[in-house]
Amino acid sequence: GDTRLKTVQGVVTRYCSDYGMIDDLIYFSNEAVTSKVLLNVGQEVIAVVEENKVSNGLKAIRVEAVSDKWDDDSLSDPSPRVLIGCVTSLMDRAGYISQTTYFSLESVCEGFEPCKGDWVEAEYWIRPGTWSSEAISVKPLRYKRVDRVCVSSLCGRNGVIDDCIFFTLDSLKLPEGYTPRRHDLVSAVVVESSQSCYVWRALCMTPVQTWDFSPATETAEEACGALLLKNKGDVEVTRMTNFGTLKEGESKNMVILIENKGDVPQNLVSCKLGGWDKAKQFRFQMLDETQVCPEVSPICVPEKEKDFADENINSLGSFRESTAWQTLESSSVNSKEVSSGDCTCKGENGVKENASQKQVTESKPNGLIPAGGETRIVITCDARNSGRCRELLLLCFSNFIIGRYLEVNVVSEEESLIAVREPFSWKKSKSSQVLASTKTTVVVTTQKRNSRRQLPSFLPQYPIPDRLKKCVEQKIDILTFQPLLAELLNMSNYKEKFSTLLWLEEIHAEIELKEYNMSGVTLKRNGDLLVLEVPGLAESRPSLYAGDKLILKTQEYNGHVIEYIGYVIEIHEEDVTLKLNPEFEQAYNSEPMDVEFTYNRTTSRRCHFALEQVIHLGVKEVLFPEEIILQPPQVTWNWTHAQDTKSDGQSTSKVLLRQGNDSCNILSREKEGSIAAVVDHSPDELNLSTLNTEHCPVTEKTRSEKASVNCESRHDQGPAQPRKNGKAVKDQTKHAPEEHQAGVQDTPAPRAFTTEISKLVSGSPKAREKEFFNPMLNENQKLAVRRILSGDCRPIPYVLFGPPGTGKTVTIIEAILQVFHALPDSRVLVCAPSNSAADLVCLRLHESRALRPGTMVRVNATCRLEETIAEAIRPYCRDGEDVWKASRFRVAITTCSSAGLFYQIGLRVGHFTHVFVDEAGQASEPECLIPLGLVSDVSGQIVLAGDPMQLGPVIKSRLAMAYGLNVSMLERLMSRPAYLRDEDAFGACGAYNPLLVTKLVKNYRSHSALLALPSRLFYHRELEVCADPTVVTSLLGWEKLPRKGFPLVFHGVRGNEAREGRSPSWFNPAEAVQVMRYCCLLARSVSSQVSAGDIGVITPYRKQVEKIKILLRNVDLMDIKVGSVEEFQGQEYLVIIISTVRSNEDRFEDDRYFLGFLSNSKRFNVAITRPKALLIVLGNPHVLVRDPCFGALLEYSITNGVYTGCNLPPELQPLQK
C-alpha cells in the first residue's frame, strides 16, 4: 500500500489539548495516546509511526510515554473517584463542576436538574489522552423536604421561601396551572446551593394553601407583548416613537399618524399613558379635533404632587457652580411644565373629568375615524430625567387596543464634564523578547531598613511544581495533578490541598501580571523619585503592593537591553512610586521603558510554612473540632457591678459534641472556682456565674434525636475522669486534668513581692474587681469577654460573630485588656488581615490608656513606610523594628502575614498564650494559620472575631475559588457541627453553643428602616436597633425623601455604561451626575443640612470613583469620601450613596458574571450597612432585578413607596401600590 509502519523513540516537542509533535517531525492526535501519563513538552515517548509513501508524511497511530518523573500510580487506577464540588457552569445538556469536571445531564440522577451554584457529589474518572475529568454520576450533596412553609418574597422570576430558600421560575418544577404567589403555603424539595445570600434552592414546589386574591390582572409583560404592539382592525399607527437623545430641559414634539385603511369607521375611544415614567416627561394632544390637552398649560402642579417622585432632582440639570443655591432649590419646585397626568380633559359628554387614575393618563377624544381617514396625535417629550426612559401609549378603540412605546434618552450638561475622553482599547502590549546574553541588570542599593532587620531564618522557597503550571497553562484538568482537591477538607488532605490552592493562586497571579506588562511607557518625576502610572491599578488590575519588585527595561539598542530592578514604595490610586538605582533616578530623562511586573511570594511562602507548623493543631481537634473537653477556667470572677451580682455560685459546664448525630449534651457539676454557661433569669441572656437548673431543665434524649441541651447539676462527684487511650470516654462527665494556674490580680500600683507570691499560691487568678474597662458594654459583649477570659474550650477557637455596627472591635479591645491584666503570664498576639484593621486595634488600645508603656508593640512589614502610619501609633511601630525585641512584648499587634516574621527568628508553638484574629472573615485559611502556629496547642487560646456574611478573602484564581480558598477559617468553622446554629438546642443562648460562639446583635449604627433588610437577608432577623435616635432620625424630614419618615431612596437610572482608554473599569455618566446632585442637595439642604464629611459614596468601579470626584470637585464638595466597598468596610457614615454603574440590559447566559462586583452578596451586605440615617441607591432596575440581593432591595423599596426614577421592568410593576 501507500503506507508503512515503524516504531521510533523520540521527544514530544509540541503539545496542546488536541494534538502534538514528536521531534518536530511526527504528528499525533490525542486518540493515539495510550499511556495513563500526562504528556508534556520534553516527554520521552515510543511511537508507532505510519509513513505515507506518497507525501512522506509521518503520523503516530500509537504513542506511549517511556518514563515520567511525574508518574503517579494513583492516576493509573481506572476506578471512579468521588468529587465534592459546586456546579460552576451549565450549557446545552451538560455542565462543569468546580470549573473543570465535565458532566452530561444523562449522568445526573433522576429528578434533579442542576443549577449553577448547586453543591453536588459526583463520581468521576480521568480520560486517558485528554487528561480531563468527566463525571459519570451526579447527585445533590444535601437535600431535604420542607412542608407548609410560606412564600415570603417574589420579585420577577426569583422568589424566596421561608426567608431562606431561593427559587427561580426558570428551573422550578410546578404543578400544571400553578404559579407561586407571595404568602402561599407550599411544600418543596430543596437542595444545598450557593445562590447569593441563600444556601438552599427549591427544586420543586406544590401548593398547600393559596390565598384567594381578586382575579389577577394581566401582567404588564403580557399586556405589553408583541400582540399589543400589532396594528389591528385595518388601523395602522406610526411605529417610529423614539425621541432619540435630548438634553435635559429640552422639549421635542412627535406626530403619531393613525390611519384607517379599512372599509368601516373605527372609533378611537380614548388615549392613555401607562404611567411608567414617574417624572411624567410625556404628554399629548389630538390634532384635527378640539384641543384636549394643550401643549402649554397654565395649570400648576398640585401641591400634593410636588414631591420628589414627580419632579425629581433632575430639574437641576442646568445648574452651574455660579448659580445661587436658592435658584437651585426653586428650580426643582417651581416647574410650570405639566405632564399629561396633571391635565383635566373634557369627555364626549362635556363634563370635566380628572384623567389621572393610578398614574394612568386618559383622554377621551371625539375619535371617529372614517374609512380611509386619518387622525394625528402630537406627543411632546419634556426631557427631565437623566438616562433612558420608556413610557407606554395606549390607543383604545371600540374593539381592540394598539400600543406604542415612547422612548427617550436624556443627557445632562454635566455629563459632558466626564464624557469618554478616548475610545476604549484594552490591548495588552508585550515587551519584545531579547536573548539573555544581551541583558545587563542593575539592582537598587539595599535599603537601610532591611539591614536593620537581620532575620537569619529564611523561609523555604516552596517552588510551584512544573506539572501544576503546565496543567494551568495548557488547561489540563487540575485533578490529574492533585486528586485530593475533589475531597472534602479533612486532616489527612489538609496540607496537600491548601498547598495546591496556594500554588494555583500564585500561578494565576503570575499569569495575570504578565498580561499587565507595559511597553514604551514614560515615567513621571516626583522630587527625586520616579512614578509609574498603571491604568486599572486601583481596581487591582494588576494587584500591586508596597515592597513588590518591578523590572524596568530600556528599549533594545543594537541587541542590548539594560534592566533596572525597582521596588514599589508607595501606591496612590493609579500612581506607583518606585525606588530604583540612584544613578538611574538622576539620569532618567523621559526615555520610553518596558515594565515587567513580578509576583511577591513572601506571604504565600509564609502560608506554606504555617501549613507545616499547624498540623499539630489538627491532632488537638482545633482545625476540625468534634468533641470538646472543657478546661479549668483561666480566671475566676468577683464582679462588683450591680448587674453582675445576681448569683454567687459557680460551676463548670462540660460539653460533648459528637459529629454525625447532631447531639450536644452539656453535662455540669458545681465546683468552686470555675465557670458555667447557663440560662439566667432573663430568658435571652446567659449568666456565667451560676448553674440554674430551673431555667435549663434536665432532659434525656437518645443520640439519634434532635440536638438538645442537657444541663445536669452534679453534686459530690469525684475527680474528673481522665481520657482513656487518647479518646474521651462516652457518657461520662468530660473534665480535663486540673492544671495549676499561677497568676495575680494585676493593678497599676506596685505591691509587695511577698503579697504577690501569696496570691500565686492561692490558686487561679481572679478578674479585676473594677469590672470592665469599658462600662458601656452590653450583656452579649460582656458575655463574650467572660468566655474569652475563662477559656473553657481552649485551644479550640472561640468565635466572636460581629454583624455590622454591633461593637465587635470594642469587645475585642476589652478582652485583650482583661487577659493582659488578669493573666500576668499571658503573651497576646493580635492579628488582622490588613494594616488598617491592625492599626485600628493598636489605636484603640492606645486610647484606652489601660496598658503600661513598653507592654504593646506594632510589628509592620519591612516595606511599610513610616509616613503611611498614624502619628499616635508610630512609637509602638518603632519598637517593632527589632523583631527579637518585639517578640518579648506582652501584646504584639501585626498583620496575619507579618506574623510570619516571628517564624524567621525561630519562634514556634507556644510562644504566645493567646491569639486574637480580628476581621478573621477577610483572611484566607492558610493566611489565618500563620499566627495560629505560634500558640500553644495544649492551653493556648484562639479567638476569631469577624462576620462570615461580610467581605471574605480576595482570591483571583477561579480554580482556587472553586476548590475553597475563598472560604475563610471563620466561615468554615461556622459550618462545622460544633459551631452550627441550632435554635432547638440553644434557643435561649442566641441559637449558638455559648461555649464556642457569641453573636452580637445590638446594632448601634443604623435606622430601623435601613437595618430591616440586611437583618432579614443575612442575620435571621435578629439585629436589634440600639442606635442613638437623635442621629438616625436626623434626616427623616429631608424634603427629597419619596416617603417622609422612611430614610431610603432607590433611584432608578437607565444610564449608559462606558469604558475609556486602556482602563478596563466601567463608569456611568448619568449615575455620576445624579450622585453629585444628591450630594449638593444634602450639603445645601435648608432643613436637613449634612456636612461633606458625613457623606460617603460607594461605587464598585474605580473609573466611576474618578468621574464622581471630578463632578464633586466642580461644586466644591471634595471632602466627600468616594471609594469602593472594600474601602468602607468597618466604617460608618450618616449618609451613604451607592452607584451600581452597570446598565447593559441585554440578557447574558451568566448574569452573575455580567453583574461582576454586584453579584457578590457579601459586598452588597457591607455596602447597605454603612449608613446611619439615610441610604440612597442609584442603579438600573432592569439589570439589578437579576440579582437576588438587589432584587430584594428593589422589592423592599417599591413596597415601601421609596422607589423613584425610571420606569420599572414589567416583572416589578405589579409591586407598585
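The values are calculated or read from the model by the stated rules, or taken from the named source; none is laboratory data. Computed from a prediction, not measured in an experiment: that's the story for all the values here. Cβ atoms come from the backbone with ideal geometry, glycine included; neighbour counts cover every protein chain shown.
Just a few scattered comments:
- Inclusion of LEU154 among residues that are under 21 Å from THR210 (Cα atoms) and either surrounded by fewer than 20 Cβ atoms within 10 Å (Cβ to Cβ) or out of contact with any Lys or Arg (no Cβ under 9 Å at 6 or more places or on another chain) (or both) is not warranted.
Let's see how each residue does on (1) modelled with pLDDT of 75 or more; (2) surrounded by fewer than 17 Cβ atoms within 10 Å (Cβ to Cβ); (3) of a type outside the set (Phe, Trp, Tyr); (4) not in a loop (DSSP other than H, G, I, E, B):
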position	(1), (2), (3), (4)
ASP263	yes, yes, yes, no
LEU268	yes, no, yes, yes
CYS271	yes, no, yes, yes
ASP277	yes, no, yes, no
ARG283	yes, no, yes, yes
GLU289	no, yes, yes, no
VAL296	no, yes, yes, no
VAL301	no, no, yes, no
ALA309	no, no, yes, yes
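- ASP594 being closer than 25 Å to VAL954 by Cα, out of contact with any helix residue (DSSP H, G or I) (no Cβ under 7 Å at 6 or more places or on another chain) and modelled with pLDDT of 85 or more: no
- Residue match in segment 504-517 (condition: at positive phi and assigned by TED's automatic domain parsing to the domain that holds ASP466): no
- Strands (runs of 3 or more DSSP E) fully within segment 108-188 that include at least 2 residues being in contact with a Ser or Thr (Cβ under 7 Å, 6 or more places away or on another chain): 119-127, 132-140, 143-155, 158-161.
- Which numbered condition LEU580 fails, given (1) buried (at least 17 other Cβ atoms within 10 Å of the Cβ); (2) more than 26 Å from PHE424 (Cβ to Cβ); (3) in contact with a Pro (Cβ under 8 Å, 6 or more places away or on another chain): (3)
- Options LEU523, LEU529: the member that is touching an Asp or Glu at 6+ places or on another chain (Cβ under 9 Å) and surrounded by fewer than 16 Cβ atoms within 10 Å (Cβ to Cβ): LEU529
- Restricting the search to helices (runs of 4 or more DSSP H) fully inside segment 892-1001 and requiring at least 2 residues that are closer than 17 Å to GLU621 by Cβ gives 925-932, 969-974.
- Lone unmet requirement of (1) assigned to a loop (DSSP other than H, G, I, E, B); (2) at pLDDT 95 or above for GLY1096: (1)
- Within the set VAL830, VAL841, the sole residue that is touching a His at 6+ places or on another chain (Cβ under 9 Å) and either at pLDDT 90 or above or assigned by TED's automatic domain parsing to the domain that holds GLN950 (or both) turns out to be VAL830.
- Positions within segment 105-149 being of a type in the set (Asp, Glu) and in the same structural domain as SER79 (by TED's automatic domain parsing), in sequence order: GLU106, GLU110, GLU113, ASP118, GLU121, GLU123, GLU134
- Residue that is farthest from ALA486 (Cα to Cα) [pool: residues in segment 125-143 that are out of contact with any Phe, Trp or Tyr (no Cβ under 8 Å at 6 or more places or on another chain) and without any contact (Cβ under 8 Å) to a residue 60 or more places away in the chain]: ARG127
- When LEU944, LEU1010, LEU970, LEU1000 are checked against the criterion of being at pLDDT 95 or above, hydrophobic (A, V, I, L, M, F, W, C), buried (at least 23 other Cβ atoms within 10 Å of the Cβ) and under 17 Å from the mean Cα position of the chain (by Cα), a single residue qualifies: LEU970.
- Beta carbons closer than 6 Å, at least 6 apart along the sequence or on distinct chains, pair a first residue in segment 370-397 that is crowded, with 23+ Cβ neighbours inside 10 Å with a second that is at pLDDT 90 or above and among the aromatic types (Phe, Trp, Tyr) for CYS381/PHE243; CYS381/PHE282; GLU391/PHE282.
- Hits in segment 231-255 (condition: surrounded by fewer than 15 Cβ atoms within 10 Å (Cβ to Cβ), of a type in the set (D, E, K, R) and more than 46 Å from the chain's Cα centre (by Cα)): ASP234
- Looking across segment 127-178, the residues that are of a type in the set (Phe, Trp, Tyr) and within 30 Å of HIS1182 (Cα to Cα) come down to PHE166, PHE167, TYR178.
- Count - residues of segment 472-530 that are modelled with pLDDT of 90 or more, within 26 Å of ARG606 (Cβ to Cβ) and among the hydroxyl-bearing types (Ser, Thr, Tyr): 3
- Qualifying residue in segment 36-46 (condition: in contact with a helix residue (DSSP H, G or I) (Cβ under 9 Å, 6 or more places away or on another chain), at pLDDT 80 or above, in a strand (DSSP E or B) and not polar (S, T, N, Q)): no
- Some residue of segment 1181-1201 being modelled with pLDDT under 95, assigned by TED's automatic domain parsing to the domain that holds ALA1027, over 18 Å from PRO1042 (Cα atoms) and touching a His at 6+ places or on another chain (Cβ under 8 Å): no
- Subset tally (residues that are surrounded by 15 or more Cβ atoms within 10 Å (Cβ to Cβ) and at negative phi) for segment 106-124: 13
- Taken as a whole, the structure leaves VAL909 outside the set of residues that are over 27 Å from ILE511 (Cα atoms) and modelled with pLDDT of 90 or more.
- Hits in segment 524-566 - residues which are in a strand (DSSP E or B), under 15 Å from LEU513 (Cα atoms) and either free of Cβ contacts under 8 Å to residues at least 24 places away in the same chain or of a type in the set (A, V, I, L, M) (or both): LEU550, ILE551, LEU552
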